[in-house]
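Each remark here refers to the structure printed beneath this line.
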Amino acid sequence: MSDHRYLGLDLGGTYIKVGVIEAGPDGRPASLVHSERVLTAAETGPDQVRDRLIDIGRGVADLHGPISSVGLGVPGLFDPDTGVIELFPNLPGPWRGFSLRDPVGEGIGIKTSMINDARAFTLAEGTIGAGRDAAVMLGITLGTGIGGGVMIDGRLHLGAFGTAGEFGHQTVKPDGPVCGCGNRGCLEAVARGGAISDEAGLPNVEAVYAAAAQGDARAVEAIERASFYMAIAIANAVALLGLDVVVLGGGIMSAGDLVLDPLRQAVSNRVTLVPTEEIRIVRAELGAMAGAIGAALAGKVQLENRAL
Ligand SMILES: [Zn+2]
């Protein structure tokens, strides 16, 4: 079995999460056999972070190998042909134009592929998590930003430019605030954690959920407002894709039903063409390691020369 192990590295602003998955006898991914997390120390800059990824990969291969492929999950956009970074909105330093995938692969000495972290989350949840039985699944990560991914018939849909599934960058408020991407009124601009806490007049989104749980009217209103815009975006996706499962993950989901209940209600108010009771809006199942598991799966799929 040991030659059916795949390493996933999930590069985040605070931690690099590390996961090794092992395929079952039928070739399907069965289990996470090793996981750990290492501080990213993102302030040290791209060269140091790249070297850290290489060191981690070599160490894991020595201790938990042999490893067949490496998948690198990254918090932003990149050129899928070259593995060069285009935009890391939340990591400091000169990342634009930085070549990451190939130097990491060469440094570790194992074939390495790269995937956006929200797409990795979606691939993991859609393969072995909450969306495993879906025909069409939308994965959404709620945190500092709003990420997403789409799986159709068990495969990740990346589109012509490798960016399909950017759920947070749909326009939901035409006259809304300017988004980090440059557009005006994106879902991310009005429903990310910072937008919710600003609306509630509280320092962070955790404080908003705590206040809402105590019945604070302004906090409840801020959550309902975010749910209103989220529901527009989800209903648009339902109309376009005919999706049957929406899986929500990310830091904000610690609030659980405080998010899900108003969201389910708001979506059912807006979806008219299909029976809303057949659209499941559920919490992610794989927890904080979903991104690393999905990155490992992306490496496995690419090694097999299959489309993601
Ligand atoms: Zn945007």
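The values are calculated or read from the model by the stated rules, or taken from the named source; none is laboratory data. All figures in this text were calculated on a predicted structure; none of them were measured in a lab. Don't worry about glycine lacking a Cβ; one is built from the backbone with ideal geometry, like all the others, and counts go over all protein chains shown.
What are the residues in region 95-140 that are without any contact (Cβ under 8 Å) to a residue 40 or more places away in the chain and hydroxyl-bearing (Ser, Thr, Tyr), if any?
Looking only at region 95-140, we keep the residues that are without any contact (Cβ under 8 Å) to a residue 40 or more places away in the chain, and these are 96-97, 99, 101-102, 105-106, 132.
Matches in region 95-140: 99 only.
The set of residues in region 122-141 being surrounded by fewer than 24 Cβ atoms within 10 Å (Cβ to Cβ) and under 21 Å from residue 227 (Cβ atoms) consists of 130 alone. So which residues in region 214-230 are small (Gly, Ala, Ser) and either in a helix (DSSP H, G or I) or under 14 Å from residue 197 (Cα atoms) (or both)? 217, 219, 222, 226, 227 - these are the residues of region 214-230 that are small (Gly, Ala, Ser) and either in a helix (DSSP H, G or I) or under 14 Å from residue 197 (Cα atoms) (or both).
If you check 233, 195, which single one turns out to be in a helix (DSSP H, G or I), within 15 Å of the ligand (Cβ to nearest atom) and in contact with a strand residue (DSSP E or B) (Cβ under 9 Å, 6 or more places away or on another chain)?
233
Sub-8 Å Cβ pairs linking a first residue in region 238-250 that is at pLDDT below 95 to a second residue that is among the small types (Gly, Ala, Ser) and in a strand (DSSP E or B), at least 6 apart or interchain, are 249/139; 250/147, ordered by first then second residue. Being under 20 Å from the mean Cα position of the chain (by Cα) and more than 15 Å from the ligand (Cβ to nearest atom) is a property that residue 202 lacks. Close contacts from region 285-305, counting a first residue that is outside any helix (DSSP H, G or I) and a second that is surrounded by 21 or more Cβ atoms within 10 Å (Cβ to Cβ) and not hydrophobic (A, V, I, L, M, F, W, C), with Cβ to Cβ under 7 Å and a gap of 6+ residues or different chains, come to 285/125; 285/129; 286/125; 286/129. Has region 39-62 got at least one residue that is touching a His at 6+ places or on another chain (Cβ under 9 Å) and either of a type in the set (A, V, I, L, M) or closer than 19 Å to residue 122 by Cα (or both)? Yes, some residue in region 39-62 is touching a His at 6+ places or on another chain (Cβ under 9 Å) and either of a type in the set (A, V, I, L, M) or closer than 19 Å to residue 122 by Cα (or both).
Pairs meeting the criteria (first residue in region 178-189 and surrounded by fewer than 24 Cβ atoms within 10 Å (Cβ to Cβ), second residue charged (D, E, K, R) and not in a helix (DSSP H, G or I), beta carbons under 8 Å, at least 6 apart or on different chains) are 178/184; 184/175; 185/173; 185/175. The set of residues in region 70-89 being farther than 20 Å from residue 302 by Cα and crowded, with 16+ Cβ neighbours inside 10 Å consists of 88 alone.
Taken over region 167-188, residues that are more than 8 Å from the ligand (Cβ to nearest atom) and in a loop (DSSP other than H, G, I, E, B) amount to 8.
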